[in-house]
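Novice: Just passing along the structure, written as structure tokens.
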Amino acid sequence: MRNLPKLAKEGFIQDPKTSKEFSEIPFDNLEIIKNHISLNYKKIKTIKRSVTSYGLKHRIEDDLGFYVSNGECIKAFIDLGYEVQPIRINAYFNVSEKLKKSQKK
């Protein structure tokens with residue numbers, strides 16, 4: 001994997017000079033978030049640019065019922081082997097916008 005910008009709770013850090021303004025990623029719920037992504041989201045061949053990490057984090061929050069930071073969302077997708085394309089503090093992934101069939105409501 002290529003070098004990515006430094007990751008903080010808020011997302012990717014664009015300017016290392018401002019990194020003091022960013023918070024460390026809380027890892028308390030990372031395994032729960034990764035498990036949720038594994039069960040509900042599907043990898044696709046190409047990076048999807050219609051949904052960002054910020055949008056995905058809100059979907060995951062709604063499903064899990066607790067706060068998920070943008071950085072946690074990005075870290076979880078990276079840890080699960082998704083391709084990532086940074087876009088400012090957010091990211092695009094090779095993820096389908098549709099839930100897996102078993103998880104549709």
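The values are calculated or read from the model by the stated rules, or taken from the named source; none is laboratory data. This structure is a prediction, so every number in the text was calculated from the model and none was measured. Counting neighbours? That spans all protein chains shown, and the Cβs are built from the backbone with ideal geometry, glycine included.
Novice: Any idea which of ILE74, ILE32 is assigned to a helix (DSSP H, G or I), touching a Ser or Thr at 6+ places or on another chain (Cβ under 7 Å) and modelled with pLDDT of 95 or more?
Specialist: Only one candidate passes the filter, namely ILE74.
Novice: When the residues of the range 87-98 are narrowed to those that are more than 13 Å from ASN40 (Cβ to Cβ) and crowded, with 18+ Cβ neighbours inside 10 Å, which ends up modelled with the lowest pLDDT?
Specialist: If we take residues in the range 87-98 being more than 13 Å from ASN40 (Cβ to Cβ) and crowded, with 18+ Cβ neighbours inside 10 Å, then ILE89 is modelled with the lowest pLDDT.
Novice: With respect to GLY55, is the statement that it is farther than 25 Å from ILE13 by Cα and at pLDDT 95 or above true?
Specialist: no
Novice: How many residues, within the range 77-86, are part of a loop (DSSP other than H, G, I, E, B) and either buried (at least 16 other Cβ atoms within 10 Å of the Cβ) or in contact (Cβ under 8 Å) with a residue 40 or more places away in the chain (or both)?
Specialist: Total meeting the criteria: 3.
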